[in-house]
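Worksheet: one structure, shown below.
Rule-based calculations on the coordinates, nothing more; no lab input. Nothing here was measured: the structure is a model prediction, and the numbers come from that model. Ideal geometry is used to build each Cβ from the backbone, glycine not excepted, and the neighbour counts take in all protein chains shown.
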Amino acid sequence: MDSENLKKKTAVSLIWNIINKAGYQVIAFLVAIITTRILTPEDFGYIAALAIFSIVSGVLIESGFSIALVRRENNTRADYSAAFYFNVLLSIILYLILFFCAPLIADFFNMPPLVNLARVIFLALVINSFVIVPNVILTKQLKFKQIAIADLGGMIISSVITIVLAIKGFGYWAIAAQQVSQVFFKMIIIWCCSKWWPSWKSNFALIKELFAFSFAIIISSLLNYLSKYVYNFVIGRTYSTADLGYYGQANKYYQIPVNVIINSVVGVAYPVFSSLNNDKERQ
């Protein structure tokens, strides 16, 4: 790709990524305003109690492979397939562990509804594992318009479902439905956009190579998210479900402007710089 074409594609990608990140947060904020007028603080507290389990499991399932695959040159279909099967298999294993641990989680927080709620919400982990590799492929191709369509499409559809269920009196199940349906519809859209399908022939030797690069990323991500969500753990254990709900909602939005800008720029810059670095190495 020549420099002028790359500059143009980078600029377009950045615009679409900003639209994606900002649009996503605007929709989430509007839905929060609507649902907080309908649902109770306890409803949000149940969801916040499960956040740390979802986040940590998500980091383990992704395993830093997204960054590693974007950085890696000349990925084949067999390479992508190996990463895909690994992500899906690990997500199923972790889901089963969390499924059977749901009663223990509910007992720890003294929140009985968490048993069934956790088993539904954690389904999003399995569904999202199907998104990781197609998202990497679109990222390497700088097709951020398609990624934005998938992200915002899934968010809009799931938001409508959430608001309808909240109005109908489904309580915390309305929020659970949003989390699961959002990744489900995103999965459908992103698979249609990427036009990729895994092959039975997979290069599983690649997994060791990816881990050699991504291990530090996994540890860093885990420490980062644990530091952010450990308060959910403490508040949920020590205080009331309503208190956790208030904290969870307030903590969710205070860094939105900064995160939108940083994530938008970094999301585009990394695949661009990886591409430039690979070009230099070939020269």
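Per-structure values
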| item | result |
| --- | --- |
| C-alpha center-to-center spacing [segment 163-213, segment 112-139] in angstrom | 6 Å |
| Segment 3-278, relative contact order in percent, only Cα pairs under 8 angstrom and at least six apart counted | 38 percent |
| Whole-number Å³ per residue for the convex hull built on Cα positions in segment 3-278 | 123 Å³ |
| Mean separation of Cα contacts under 8 Å (6+ apart) over length of segment 93-221, as relative contact order % | 25 percent |
| Segment 43-134: proportion of alpha-carbon pairs further apart than 14 angstrom, % | 65 percent |
| From phi via Karplus (6.51, -1.76, 1.60), per-residue ³J(HN,Hα) for segment 212-220 in Hz, x at Gly/Pro | 4, 8, 8, 4, 5, 5, 4, 4, 4 |
| Listed pairs K145/K252; K143/K208; K8/K145; K8/K195; K21/K195; K21/K140 exceeding 20 Å between Cα atoms | K145/K252; K143/K208; K8/K195; K21/K195 |
| Label-to-label distance, nm, for residues given as L30 and V230 (7 Å Cα→Cβ offset) | 3.8 nm |
